[in-house]
Amino acid sequence: VTNLAPYNTFKVEAFARDFIELSDLSSLSNLGNLENSLILGLGANILFTKNFESLVIKNNLKGKKVLKETDEEVLIEVASGENWHEFVMWSVENSWSGVENLALIPGTVGGAAVGNIGAYGQTVGEIIEKVKTDNGLGLTNQECQFSYRDSIFKRQLKNKAFITSVVFKLYKTAHFAADYYSRYESLRTYLPSHPTPQTVAEAVTKIRTAKLPDWKTLPTAGSVFKNPFVTKKHYEALAKEIKDLQMYPVDKMIYPRPGDPVFNTAEMVKIPAGRLLDELGWRGKRIGRVATYDKHALVVVNCGGASGQEIFDFVQQMRLSVKKAYAINLEPEIEII
Ligand code: EPU
């Protein structure tokens, strides 16, 4: 058995029956059927509430290569175990645009694709060309079914495909998310008048450092819930009660898929769960060894020695509180085991 505490950013203790670190692809074929296994990158988006009675594979696959380069674009293949932030910094050092808003997000390149990570108007699904998996068959961007913090790897292919590498298309000309700095006031204040990928990444780094905890000193998995979608009517009613309640247009955030419930994006908006929780007194609230960060109510932290179950109970109370007050069901953003 292996203690998984060093392998999750909540630093929660849980024991894996079997555990291996995978550093080269050839060892993967020896592992056989992975159906009951758990693949871990940095463990930055997971909460263990119990032991894992099967095999945990810690992904250490490394490597980056430029596949193709033109005057405008560059195609890069990156191994799934590469650290996400290091990849972002390498890209901006090369003046390639497309990932600069995603600086400082903890995790690996594979995890970024699974969770379709996003921040400040960029999401990783927008610049992924292809995701390669262990069965040799790559998935095209379309086949990955990216939507808000979601992909096929969280659904049909959960525990069925091992992502080996991700192919990104980055831009040599600035490709900043269209209106990200009009919607995110705070990002604009940190930017020079002619932003570059480097200065955007620096601005994002400053904001994230000021607003979010560093998991290395204060164990956390970032936002515990997704931001919910509500009808415009519901939003308007809430906005009367809750000062400065922002909303984000939904049409830019989701890509309706066959089989999805019919969803009239024109009538829906996305609202910040953090604002709702803050309004209900959750920011900086502590129960036992679990708390929310004092600068962000959506971010749950382990104050030291909390069990996964204690964190889970805390998260359930947050959810109940929002449900009671606003009739909104918050959906977990983290994977709960
Ligand atoms: N707010 C409060 N009080 C709080 C927290 C937030 O009033 O305690 C307000 C803010 O003032 C702002 C609004 O809520 O008006 C939104 O807050 P923020 O800009 O921090 O963004 P968010 O919607 O809470 C999302 C992502 C983050 C991402 C940021 C920046 C989700 C679930 N979270 O947070 O991603 O970094 O936008 O783009 O979509 C993550 O997924 O783990 C994550 C950290």
Rounded to whole Hz, the Karplus (6.51, -1.76, 1.60) HN-Hα couplings of segment 75-90, x for glycine and proline: 9, 10, 9, 10, 5, 5, x, 5, 5, 4, 4, 5, 5, 4, 5, 4
Ranked order, M247, M89, M318 - accessible area, probe 1.4 Å, largest first: M247, M89, M318
Accessible area per residue in Å² at 1.4 Å probe, computed on the chain: 48 Å²
Inter-part distance where segment 109-162 and segment 203-244 are each reduced to a Cα centre, Å: 23 Å
Normalised contact order of the chain, rounded percent, pairs of Cα under 8 Å and 6 or more residues apart: 17 percent
Helix-only CD estimate at 222 nm, as mean residue ellipticity for the chain, using -39500 (n - 2.57) per DSSP H run (n ≥ 4): -6500 deg cm²/dmol
The chain - percent of accessible surface contributed by carbon and sulfur, probe 1.4 Å: 50 percent
Added length on full extension, which subtracts the Cα-Cα distance from 0.36 nm per residue, T231 to Y171: 18.0 nm
Under 5 Å, built H, 5+ apart or other chain: amide partners of V56: D18, F19, I20, L38
Convex hull of segment 1-146 built on C-alpha atoms - directionally averaged projected area, nm²: 9.5 nm²
Segment T49-K216, extension gain: residue separation times 0.36 nm, minus the distance between their alpha carbons: 58.1 nm
S165 accessible area, assembled protein chains, probe 1.4 Å, Å²: 10 Å²
Karplus-derived 3J(HN,Hα), 6.51/-1.76/1.60, for each residue of segment 229-242, Hz, glycine and proline x: 9, 9, 6, 4, 4, 4, 4, 4, 5, 5, 5, 5, 8, 10
Cα-based convex hull, the chain, per residue volume (Å³, whole number): 136 Å³
Greater than 18 Å apart at Cα, pairs in K132/K169; K62/K132; K65/K172; K68/K172; K172/K206; K65/K206: K172/K206; K65/K206
Segment 1-123: relative contact order as a whole-number percent, Cα under 8 Å and 6+ apart: 21 percent
Rounded FRET efficiency, nearest 0.05, which uses the C-beta distance separating T199 from E69 and R0 of 22 Å: 0.40
Pairwise label distance in nanometres, A325 with Y248, each label 7 Å out on the Cα-Cβ vector: 2.1 nm
Measure of compaction for segment 71-215 (Cα Rg per 2.2 N^0.38 Å): 1.03
Only Lys, Arg (+1) and Asp, Glu (-1) charged, at Cβ; segment 266-337 dipole about Cα centre in debye: 260 debye
Two-site FRET efficiency, D294 against Q317, from Cβ-Cβ distance with R₀ of 30 Å, rounded to 0.05: 0.95
Full-extension gain in nm, K158 to N33, via 0.36 nm per residue minus C-alpha separation: 43.7 nm
Exposed GluC sites (Glu not before Pro) absent - longest run of the chain, DSSP non-H/G/I/E/B, at most 12 other C-beta within 10 Å: 73-337
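The values are calculated or read from the model by the stated rules, or taken from the named source; none is laboratory data. In this text, all values refer to a predicted model and were calculated from it rather than measured experimentally. Note: ideal-geometry Cβ built from the backbone for every residue, glycine included; neighbour counts use all protein chains shown. Side chains included, ligands, DNA and RNA excluded: accessible areas come from the protein's heavy atoms. Shrake-Rupley method; radii C 1.70, N 1.55, O 1.52, S 1.80 Å.
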